[in-house]
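The values are calculated or read from the model by the stated rules, or taken from the named source; none is laboratory data. Just so it is clear, the structure is predicted and the values come from calculations on it, not from any experiment. Note: ideal-geometry Cβ built from the backbone for every residue, glycine included; neighbour counts use all protein chains shown. Just so you know, the surface numbers come from the protein's heavy atoms only, side chains and all, with ligands and any DNA or RNA stripped out. Shrake-Rupley method; radii C 1.70, N 1.55, O 1.52, S 1.80 Å.
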Amino acid sequence: MTNELIEGISIALGEEFGEACGIHTEVIEQNLEEPCFFIQCLGPSRELIRGGRHQWTNPFCIQYFPQSKEHGRRECYDAADRMMGRLERIAVCQTTIQGTKMRYELDTEAGILNYFVNYDCITAREEVSAFMDSLETRAEVKEGG
């Protein structure tokens with residue numbers, strides 16, 4: 001589920017910001033080329049609810065690293081506005097999932113944008129049923145004892 005959501009977020013960001021913005025899901029220690037995004041899921045959870053269904057809670061933090069050092073705040077605010085519109089719904093597994101709890105914070109020390117969104121959903125477990133056409137038994141009595 002998490003990887004499918006990350007893929008949906010990546011596609012949405014790619015459509016909105018184009019190829020000029022890199023999209024990363026793994027930590028890059030050196031040579032980070034800005035502008036770019038870093039997508040991470042922050043502690044997803046799953047709760048069993050009635051009828052064999054599960055409530056998934058998937059909180060994400062999407063970090064935006066601006067290209068401009070001189071106008072980085074302005075660039076971050078612009079990116080946040082665009083993300084608010086584009087990440088409202090993402091395509092996942094041939095359906096769309098609504099983003100909730102969308103908010104952002106500007107990390108002024110690091111000069112990056114932290115954008116938060118949840119993609120929560122309910123899934124149903126497929127019941128596996130096995131039917132036997134016939135059953136054959138054989139019993140023997142052991143003599144003695």
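One residue alone among Arg74, Arg53, Arg82 is open to solvent by 70 Å² or more (accessible area, probe 1.4 Å) and more than 22 Å from the chain's Cα centre (by Cα), and that residue is Arg74. Residues being within 12 Å of the chain's Cα centre (by Cα), open to solvent by 30 Å² or more (accessible area, probe 1.4 Å) and aliphatic (A, V, I, L, M) are represented in the range 88-95 by at least one member. Among the conditions (1) open to solvent by less than 60 Å² (accessible area, probe 1.4 Å); (2) closer than 18 Å to Arg103 by Cβ; (3) among the aliphatic types (A, V, I, L, M), the only one that Ile6 does not satisfy is (2).
Whenever a residue of the range 91-109 is more than 19 Å from Tyr119 (Cα to Cα), its partners that are surrounded by 13 or more Cβ atoms within 10 Å (Cβ to Cβ), lying with C-beta atoms within less than 7 angstrom and at least six residues away or across chains, give the pairs Leu106/Arg73; Leu106/Cys76; Leu106/Leu113; Asp107/Asn114. The residue of the range 1-34 that is farthest from Ala124 (Cα to Cα), among those that are among the small types (Gly, Ala, Ser) and outside any helix (DSSP H, G or I), is Ala20. Is there any pair linking a residue in the range 22-38 that is open to solvent by less than 60 Å² (accessible area, probe 1.4 Å) to one that is small (Gly, Ala, Ser) and part of a strand (DSSP E or B), with Cβ under 6 Å and at least six apart or on different chains, and which? So the pair list comes out as Cys36/Gly22. Could you please find all residues in the range 56-71 being surrounded by fewer than 19 Cβ atoms within 10 Å (Cβ to Cβ), among the polar types (S, T, N, Q) and in contact with a strand residue (DSSP E or B) (Cβ under 7 Å, 6 or more places away or on another chain)? Across the range 56-71, the qualifying residues are Thr57, Gln63.
Hey, Ala110 hits all of (1) under 22 Å from Ala20 (Cα atoms); (2) among the aliphatic types (A, V, I, L, M); (3) surrounded by 14 or more Cβ atoms within 10 Å (Cβ to Cβ) but one; which does it fall short on? If we test Ala110 against (1) under 22 Å from Ala20 (Cα atoms); (2) among the aliphatic types (A, V, I, L, M); (3) surrounded by 14 or more Cβ atoms within 10 Å (Cβ to Cβ), just (3) comes out false. Filtering the range 9-21 to residues that are open to solvent by 60 Å² or more (accessible area, probe 1.4 Å) and either more than 15 Å from Ala79 (Cα to Cα) or without any contact (Cβ under 8 Å) to a residue 24 or more places away in the chain (or both) leaves Ile11, Glu19, Ala20. Taken together, Gly145, Gly43, Gly99 contain a single residue that is exposed (fewer than 13 other Cβ atoms within 10 Å of the Cβ) and either modelled with pLDDT of 90 or more or among the hydroxyl-bearing types (Ser, Thr, Tyr) (or both), which is Gly43.
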